[in-house]
1. Please count how many residues of the range 249-265 are at pLDDT 95 or above and not assigned by TED's automatic domain parsing to the domain that holds Ala92.
2. Taking into account only those residues within the range 235-278 that are farther than 21 Å from Asp350 by Cα and among the charged types (D, E, K, R), which is nearest to the chain's Cα centre (by Cα)?
3. Within the range 319-361, can you find the residues that are small (Gly, Ala, Ser) and within 24 Å of Asn282 (Cα to Cα)?
4. Give just the number: which of (1) free of Cβ contacts under 8 Å to residues at least 60 places away in the same chain; (2) in a loop (DSSP other than H, G, I, E, B) does Glu226 not satisfy?
5. Being farther than 30 Å from Gly257 by Cα and either outside the structural domain of Glu36 (by TED's automatic domain parsing) or not in a helix (DSSP H, G or I) (or both) is the requirement here; does Gly380 meet it?
6. Residues that are of a type in the set (S, T, N, Q): which strands (runs of 3 or more DSSP E) entirely in the range 79-127 hold 2 or more of them?
7. Are any of the residues in the range 256-267 of a type outside the set (Val, Ile, Thr), touching a residue at least 24 places away in the same chain (Cβ under 8 Å) and in a loop (DSSP other than H, G, I, E, B)?
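The values are calculated or read from the model by the stated rules, or taken from the named source; none is laboratory data. Being a predicted model, the structure only gives us computed values, none of them experimental. With ideal geometry, Cβ positions are generated from the backbone for all residues, glycine too; neighbour counts draw on all protein chains shown.
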Amino acid sequence: MAGITGIGSGVDIDQIVKAMVGAERAPKDAQLKRLESATTSRISSLGTLKGALSEFQTALKSLNDLSLFDTRKATSSDTAKVTVSASKTALAGNYSMEVTTLASASKIASGSVAGTSAAAFTTGGKLTVSLGTDSYDIDVADGATLKEVRDSINTTLKDQGISANIVTDPVANTSRLVLSSNKTGAGKDLTLSADGAGLQALVTDMPAALSVAANAKFKIDGLELESATNSVSGVIEGVTFDLVKAEEGKSVTVTVGDNTSAVKDSLKKFVDSYNKLISTTNSLTSVVSVGEGKEPVTGGLVGDSSIRNLLSGIRTEIGSPANGELRALTDLGITTQKDGKLKIDDTKLDAALKENYDAVGAFVTGETGLMNRLDGRISGYVKSGGVLEQRVSGLQQTLSNVDEQKTALNTRVASIQARLYSQYNAMDSLVGQLSRTSDWLAGALSSLPGVAKRD
């Protein structure tokens, strides 16, 4: 509003200018709003499409992995007794395993000394801790306490898997060192000796070993075997057994075979991500009628040629026969339905994995495998600088242009408004002046002689 207007003429100039400015602005404003809304919708739709494509690509790369087919799966009928793993060199087979004895490590206690951990040795010397054929010396200074001896052992022998602690008898007020090893297997027993009169109490009247180092004993298909550790490898090529619990007379069945469950899971993820992509593209390109006389609801990418080209390329690869024992997804029990989505026949897929496991791997993996060919069809769309990213960049430029046009429209409308106010205010001023002149003339004429006045 340009100040107080319409005083001279009594005309509502503000409403007139507002109506004329609105009529001038409305068409362009509506055009820019439609363009902005459509562009924003397309950017959002392209983002949704890229998300579905990226998920599909992840499923492709997961399945296009040779290690997935090289891995062997090993299972135990009782993991409370035995767990098992297998490398790709393992051969398929079933084994009966019985664990009779677990491998154990050595644990010994020293002779007792009077007092608690603060008890001190008047004269020191040298303690020798032996683990099998290996020996380690611990120097003990004059006046060292039992706690200091313990700490010295722990610091010096931690890399050898030997640790020490102190056990105190509160009734007898005596203490002992307790030494433990984490090395299992026969011949890995701990022994303790001392050089120096002040340390003799530690090696005098030592109790029997608290735990003796021993081998694990087990049977595989009736063959009696031993291992220095509870993790057993090398007995069957590519298979590692971890012995958990010994129970004589109780056997565990160990099965080694192809990694069919992991491959099947990856194939299901591939089918699920493909079906999600189809649902996404259908939604983005759909036109849904909402009733007579109403505008239909349309997807953000209706008529978009990129989607047609993308889906055409994917369907071409899925339908193209491969060279090999398995030629198409239908050989794996995966078929295309009327709605364009894929469906898995679990019975047929299980049979294909059981009877043609290596052929399934050759069909889906490698340079000429289906997964790599499908990835080649979509990578140009989802990669950095790809088709979708370029499309979004172009649409963002369109939004920038819309903002520029809005600014230009505001400037033009402000100019029109100023011009209209100037014109109407000039008219108002002229009308006011003419009105005042009319009033003066009327007054002057009424004062002339011979003019009859009307009451």
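1. 0
2. The extreme case among them is Lys276.
3. Listed by number, the residues that qualify are Gly319, Ser320, Gly340.
4. Status for Glu226: all satisfied but (2).
5. Here the answer is no, as Gly380 does not meet what is asked.
6. Answer list for the range 79-127: 82-86, 93-101.
7. Yes, the range 256-267 contains a residue that is of a type outside the set (Val, Ile, Thr), touching a residue at least 24 places away in the same chain (Cβ under 8 Å) and in a loop (DSSP other than H, G, I, E, B).
Let's see how each residue does on (1) in contact with a strand residue (DSSP E or B) (Cβ under 6 Å, 6 or more places away or on another chain); (2) over 16 Å from Ala109 (Cβ atoms); (3) surrounded by fewer than 19 Cβ atoms within 10 Å (Cβ to Cβ); (4) touching a residue at least 60 places away in the same chain (Cβ under 8 Å):
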{"position": "Asp151", "(1), (2), (3), (4)": "no, yes, yes, no"}
{"position": "Leu157", "(1), (2), (3), (4)": "yes, yes, yes, no"}
{"position": "Ile162", "(1), (2), (3), (4)": "yes, no, no, no"}
{"position": "Asn165", "(1), (2), (3), (4)": "yes, no, yes, no"}
{"position": "Ala172", "(1), (2), (3), (4)": "no, no, yes, yes"}
{"position": "Ser180", "(1), (2), (3), (4)": "yes, no, yes, yes"}
{"position": "Thr184", "(1), (2), (3), (4)": "yes, yes, no, yes"}
